[in-house]
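Peer 1: One structure is given below, represented as structure tokens, and several questions about it will come after.
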Amino acid sequence: DKSNFDAIWVSSLTESAAKGHPDIELMGLDSRLSTAQQILDVIDKPVIIDGDTGGDPNAFEYFVRKAENLGISAIVIEDKVYPKRNSLDEESEHILEEPRIFANKIRRGKNALLTNDLMIIARIESLIAGKDMDDAINRAKFYLEAGADGILIHSKSRNPDEVISFAKRYKELCSEIGMHKPLVCVPTMYNHVRDSELRNEGFNMVIHANHLLRASINSMQKVCRMILEHERSLESEEHCASISEIFDIVGFSDIKNKEKMWR
Ligand code: SPV
Ligand code: MG
């Protein structure tokens, strides 16, 4: 469907950046939950939360219960050691968690849930941390057997070859263990590949993780500069949404129509 997205990704990078913080697990998962709740209050799409490392297994149990209560559809946690660094940073050292320890966190999370309504998706950072494909596939096996509802394979390569070869091996693994769970990717770096191509390679979900925040930063900076330069806002108007567009988006126009109808 080219007219609309299917779900909302509550990204750690963009949630932190929107509040002026680096993406190093400073904000805490309660902040992520509160942002997700604000979104769920006004949007009727499934919400997927970026749960970073998920914290320790005890914290993770509380986190999944709170997310379940809010009506969140899925949580993604990544198999790095707290506090993680953003995966796209070339300079950071990305330290992976032991597969068995991370698998246990997933198991604890799944067991803490009261319903089957919240998916826990395990995000594999092997390729981010410079490990090989065998490491990534081995982890996928551990996590699926621990009850993960899906696998996200992340990559910061400019070329999609590594995620595509993971997808092939993942398909074989799923047949081998008799579990066919969704496969997810985040093509921020290999952004020339189309969603339909990724679907053909076996991906079930594609997350465009940060483009709305990046687009708004560009516009906000441009408009700030224009207002300062011209000492007025006239010139910046064409880069701004109109006030009536805001009224439409937030439902005010709808309220006015209803009030007219019932007056
Ligand atoms: C995010 O959007 O916060 C993500 C994806 O986790 S990435 O920034 O690529 O790590
Ligand atoms: Mg993140």
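Peer 1: What number comes out for the charge environment of residue 5, summing +1 per Lys or Arg and -1 per Asp or Glu over other residues with Cβ under 13 Å away?
Peer 2: Counting the neighbours of residue 5, the net charge comes to -2.
Peer 1: Please determine, in degrees from 0 to 90 and to the nearest 10, the orientation of helix 133-145 with respect to the longest principal axis defined by the Cα atoms of the chain, where the helix direction is its Cα long axis.
Peer 2: The two axes meet at around 90 degrees.
Peer 1: Carbon and sulfur atoms: what percent of the 1.4 Å accessible area of the chain do they account for?
Peer 2: Within the chain, the accessible surface is 51 percent carbon and sulfur.
Peer 1: May I pose another question? What is the Cα coordinate range of the range 31-113 on the first, second and third principal axes, sorted by size from largest, in whole angstrom?
Peer 2: Cα spread of the range 31-113 along its principal axes, largest to smallest: 38, 31, 17 Å.
Peer 1: Which entries in 66/168; 66/256; 2/45; 2/141 show an alpha-carbon gap greater than 25 Å?
Peer 2: Violating the 25 Å Cα-Cα cut-off are 66/168; 66/256; 2/141.
Peer 1: Could you tell me the distance between the Cα centroids of the range 1-70 and the range 181-222, to the nearest Å?
Peer 2: Here the two parts' Cα centres lie 17 Å apart.
Peer 1: Please turn the phi angles of the range 87-101 into ³J(HN,Hα) values with the Karplus equation 6.51 cos²θ - 1.76 cosθ + 1.60 (θ = phi - 60°), one per residue in order, whole Hz, x for glycine and proline.
Peer 2: 5, 8, 7, 6, 7, 6, 8, 9, 9, 7, 7, 4, x, 5, 5
Peer 1: To the nearest 500 deg cm²/dmol, what mean residue ellipticity at 222 nm is calculated for the chain from DSSP H runs of n ≥ 4 alone, each contributing -39,500 (n - 2.57), summed and divided by the residues? Mind dumping the intermediate values first?
Peer 2: Working: 10 runs with 122 residues, N = 263.
Per the formula, -14500 deg cm²/dmol.
Peer 1: Check residue 155: other-chain or 5+ apart residues with amide H under 5 Å from its amide H, H built from backbone geometry?
Peer 2: Under 5 Å from the amide H of residue 155: 186.
Peer 1: If you add up the charges near residue 204, with Lys and Arg at +1 and Asp and Glu at -1, over every other residue whose beta carbon is less than 13 angstrom from its beta carbon, what do you get?
Peer 2: Taking every other residue near residue 204 into account, the sum is -1.
Peer 1: Going by alpha carbons, how many degrees (0 to 90, nearest 10) lie between the helix axis of 211-230 and the longest principal axis of the chain?
Peer 2: 30 degrees
Peer 1: Sorting check: for 10-23, 241-254, which peptide has the highest mean count of neighbouring beta carbons within 10 Å, and how do the rest follow?
Peer 2: Averaged packing, sorted descending, gives the order 10-23, 241-254.
Peer 1: Springs between alpha-carbon atoms under 10 Å, Gaussian network over the chain: tell me which of 171, 222, 156 tops the mean-square fluctuations.
Peer 2: 222
Peer 1: How far is helix 252-261 tilted, in degrees, relative to the longest principal axis of the Cα atoms in the chain, given as a value from 0 to 90 rounded to the nearest 10?
Peer 2: The helix 252-261 is inclined about 60 degrees to the chain.
Peer 1: Report the label-to-label distance for residue 232 and residue 219 in nanometres (one decimal), using points 7 Å from each Cα along the Cα→Cβ vector.
Peer 2: In this crude spin-label approximation the distance works out to 2.4 nm.
The values are calculated or read from the model by the stated rules, or taken from the named source; none is laboratory data. Predicted model only: the values in this text are computed from it and were never measured. So basically every Cβ, Gly included, is an ideal-geometry build from the backbone, and we count neighbours across all protein chains shown. Ligands, DNA and RNA are stripped out before the accessible areas are found, and what is left, the full protein with its side chains, is counted by its heavy atoms. Shrake-Rupley method; radii C 1.70, N 1.55, O 1.52, S 1.80 Å.
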